[in-house]
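Accompanying notes for the structure given below.
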Amino acid sequence: MSKVKASVAEALEGLSDGASIMCGGFGLCGNAEALIAAVAEHGAKDLTLISNNAGNLGKGLAVWLEKGIVGKIICTYVGTNETLHAAMADGSIDVTIIPQGTFVERMRAGGAGIAGFYTPTGVGTVVAEGKEVREFDGREYVLERALKADFALIRAHQADPFGNLRFYRTARNFSPIMATAATTTVVECDELVTLGALDPDDVHLPGSFVQRVVQVTEHENVIEYLKTRPRP
Amino acid sequence: MSKVKASVAEALEGLSDGASIMCGGFGLCGNAEALIAAVAEHGAKDLTLISNNAGNLGKGLAVWLEKGIVGKIICTYVGTNETLHAAMADGSIDVTIIPQGTFVERMRAGGAGIAGFYTPTGVGTVVAEGKEVREFDGREYVLERALKADFALIRAHQADPFGNLRFYRTARNFSPIMATAATTTVVECDELVTLGALDPDDVHLPGSFVQRVVQVTEHENVIEYLKTRPRP
Amino acid sequence: MFSKQQMAERAAQEIDDGAVVNLGIGLPTLVADYLPAPTPDGGGVWLQSENGILGMGPFPYEGDEDPQIINAGKQTVTIVTGGSCFDSATSFTMIRGGHVDLSILGAMQVSQSGDLANWAIPGGRVMGIGGAMDLAAGSKRILVITSHVAKDGKPKLVAECDFPLTAKGVVDRVITDLAVLDVAGDGFRVVELAPEVTLDEVREKTGAPIVD
Amino acid sequence: MFSKQQMAERAAQEIDDGAVVNLGIGLPTLVADYLPAPTPDGGGVWLQSENGILGMGPFPYEGDEDPQIINAGKQTVTIVTGGSCFDSATSFTMIRGGHVDLSILGAMQVSQSGDLANWAIPGGRVMGIGGAMDLAAGSKRILVITSHVAKDGKPKLVAECDFPLTAKGVVDRVITDLAVLDVAGDGFRVVELAPEVTLDEVREKTGAPIVD
């Protein structure tokens, strides 16, 4: 059965209530826009969302929050995401905020078969509360646990039919790591290339971490904070 | 001060007795041949060698063993390395053999500021003896500790003056991870390219993990087991 | 009796289209001859080599060998169309994280509870561990392919291993020259007998109960 | 008094040639204006952005912005010649593993023992942690750049933080509008006074002893 799917709807087959979903992207940069929109339309609810920011400016994953389909969020930063602030304020969503390095390392552990690890990040802070803190070679570390999910929805620049991926610039961020940590990784690629188009040394993520691929040629590519300088 | 060094001797400045050295390469494939030869000439002794195989066929790191400059080895496989078998048999070198995935993960932890991690590999075997074994979600894991070194000697295909690297095929193996885990990473590159020659998405290892670069255009590239098939 | 080639061919039948497979050194490498190559649609079988290849191809044609393209046995190999190379940390993320669908490994001993011993003989020369323990602990499924008895005639399929273990409770199925057997906890269950082999012969040459 | 620009310029003097530096959001971003750009020989200063850039450049020229090239503040930026992009795990290997030479961070409070509080105000709206705790825990050196007192006039340099901590015992030096101070364990040591600022003024506006 081919990994290449004809539509985003087909690429989401098996998604059901209560699913845990990792979504790639740093804010709105590198989002799997079409897959995110398709989940909002899908009808699945009580989702656990694992994402750095859970959307912003009412866009991207913020739509899931507005639709009320998310029961729980693990993220690192809320910032100007007013939709998330509102959900936290009214208590409608259970939000866990963790350090960004710990966030990605927990997923990396989940994908690599590691059950837990000792990190210096968060020692002496609220992050370490209720967790084991242990000294190694004179420094304290906190035990953090692996994080896995049912689905990872990520965007790649190029994908081939086996699921070998290349990412573009800072749209890469968490996506390749999330791909390793999910049972079903669904890739929305800008460009579907033929097998062999990518040199063996140019593959950012090998195909064994990818279960489904769907090509989406149009993206909104929202800029959250446009900053420029005048031409000299 | 530029990272680019004029000679392998200059690239090894500061190497002294008792140093711990990680050497990239899977067997003789991907060895930093000139740096390995230069260490053998250097005079430093009582070295701790961290390498998957510690040479083979009397070549590469096997020369260090024959010269008697290695006091301790951490490796994963001895195989047909008769020099290492001999050193183990006469007790002249303290050899620790660990699983390959644990070997690279310990270095990855060392490079990533992680003190230790729980892996399923080795549970119920001699590898877990004397180590903490703990259950997470119904499965047993063994606690393994980070591994760091004073030097990493690695080979790359291309390097730029900032130390951004690209590797070639299976010569990559442990090298990029060792680069993260050493205080001083010395790169022997086939080709020194100008800054900007590598596209931002094509860099295998960013320059912040590299301290020194030396170009070496000639390599022996020993084949350990030549296997071919007849042309059809 | 199954010949080595027949054992390899039988092992190949265990593999699904599109699967990612790691073949251990020795007998398991023969399985490659019976596997469909990767196809342009991403199907076929994708061989993983723990030194950093997904999509390992056959040995190169004479004169085409590249010293920097080797397998985990340090033999010159090729990379298939669509294959990729990566560092060892990524390779063992793949292996230990359950992203290899099947590993086919050799064995010195397999116990009725699925314990595997394949890296060291007591009193023998230590060859090392390599990727064996990670493959055994992390692959989604472990298939063993081995002669039914050792060279000294002793059973390799036993109630409990007395050789140093590689991993505990990981082996699913064993293909030997006499039979295909499943690990059953309280013994081994025969799935299939090799031509002209009787259940009594298997029972006699197995160091654990043969159960229904 | 140091202006914000003077504080940034003073901070830039702390940075060695060839250094890898992460600039936190707010005041620290101003430091970029005073840093030498990366040079063809690998020198200059290399900015790291935790979303996955080493070699972050200035904002793009009008019309050149690329929505897929942003910094950790989610602003459009550029990548310098010789810059690279990577995934977040690699980025935090760099940060937490001590491969960032210096992080320049803002602060709500800094204690005399180097504790840093810069992510949450008690009772305030939670903005999140982002990369702050990893940068604070992992960078080789932490320099803080901040106004000497908060908007409500309360000292930011204190004997002990009462705001939620970001990390313990990590800050080395603080640059404020009044002075450059080092964390001294039993107080703060003044390294340099801003023009027309007296030691008495610094003492008065600091919530911890000023020590020699």
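Computed from the coordinates by the stated procedures, all read-outs in this text should not be read as laboratory data. Computed from a predicted model, the values in this text were never measured in an experiment. Here the Cβ is made from the backbone with ideal geometry for all residues, glycine too, and neighbour counts use every protein chain on show.
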R0 of 22 Å, Cβ-Cβ distance C:LYS154-C:GLU196: FRET efficiency to nearest 0.05: 0.45
Selected from B:VAL186, B:VAL214, B:VAL78 as most flexible by GNM, with chain B as the system and alpha-carbon contacts under 10 Å: B:VAL78
Chain A - percent relative contact order, Cα under 8 Å, separation 6 or more: 23
Spin-label zone in the stretch D:1-37 - amide nitrogen under 19 Å from a point set 7 Å from the Cα of D:ILE121 along the C-beta vector: D:25-28
The protein assembly as shown - share of DSSP beta bridges that are antiparallel (%, nearest 5): 40
Vicinal HN-Hα couplings computed from phi for the stretch A:217-232 (Karplus, 6.51 cos²θ - 1.76 cosθ + 1.60; Hz; Gly/Pro x): 8, 9, 10, 6, 6, 5, 9, 6, 10, 6, 10, 9, 10, x, 5, x
The stretch A:50-146 - Rg and Dmax from Cα coordinates, angstrom: 15.3, 49
Chain A Cβ-axis minimum, rotational copy B, residue and distance in Å: A:PHE117, 2
Once the Cα gyration tensor of the protein assembly as shown is diagonalised, semi-axes √(5λ) in Å: 47, 32, 26
Efficiency of FRET from Cβ geometry, A:LYS131 and A:LYS67, R₀ 35 Å, rounded to 0.05: 0.60
Residue with peak Gaussian network fluctuation, chain B [Cα springs, cutoff 10 Å], from B:ARG172, B:ARG134, B:ARG108: B:ARG134
Nonlocal amide H pairs with A:ALA32, under 5 Å, H built at 1.01 Å: A:GLY24, A:ARG155
Taking N as its residue count, the alpha carbon Rg of chain A over 2.2 N^0.38 Å: 1.04
Built amide H within the under 5 Å cut-off of C:PHE2, gap 5+: C:LEU178
A:ALA152 long-range amide H proximity, modeled H, under 5 Å: A:MET22, A:THR184, A:THR185, A:VAL186
Whichever lysines have a C-alpha closer than 19 Å to that of C:LYS74, once near sequence neighbours (fewer than 8 apart) are set aside: B:LYS59, B:LYS227
Position C:ASP186, label points 7 Å along Cα→Cβ, spacing to each other copy in nm (shortest first, one decimal): 7.5
Label-point separation, A:LEU57 to D:ASP182 (7 Å along Cα→Cβ), nm: 4.6
Positive dipole terminus of the protein assembly as shown, leading residue within C:CYS85, D:THR166, A:ALA32 (C-beta point charges): D:THR166
A:THR96 paired with B:THR228, simple spin-label distance in nm, labels 7 Å along Cα-to-beta-carbon: 5.7
Violating pairs (Cα-Cα greater than 32 angstrom) within the set A:LYS72/A:LYS131; B:LYS131/D:LYS140; A:LYS5/A:LYS131; A:LYS45/D:LYS168: A:LYS5/A:LYS131; A:LYS45/D:LYS168
Normalised contact order of the stretch B:98-203, rounded percent, pairs of Cα under 8 Å and 6 or more residues apart: 29
For chain C, calculated [θ]222 nm from helices alone, where every DSSP H run of n ≥ 4 adds -39500 (n - 2.57): -4000 deg cm²/dmol
Over chain B: helical MRE at 222 nm, DSSP H runs n ≥ 4 each giving -39500 (n - 2.57), nearest 500: -5500 deg cm²/dmol
Label-point gap, in nm, between A:GLU140 and C:GLN5 - each point 7 angstrom along Cα→Cβ: 6.8
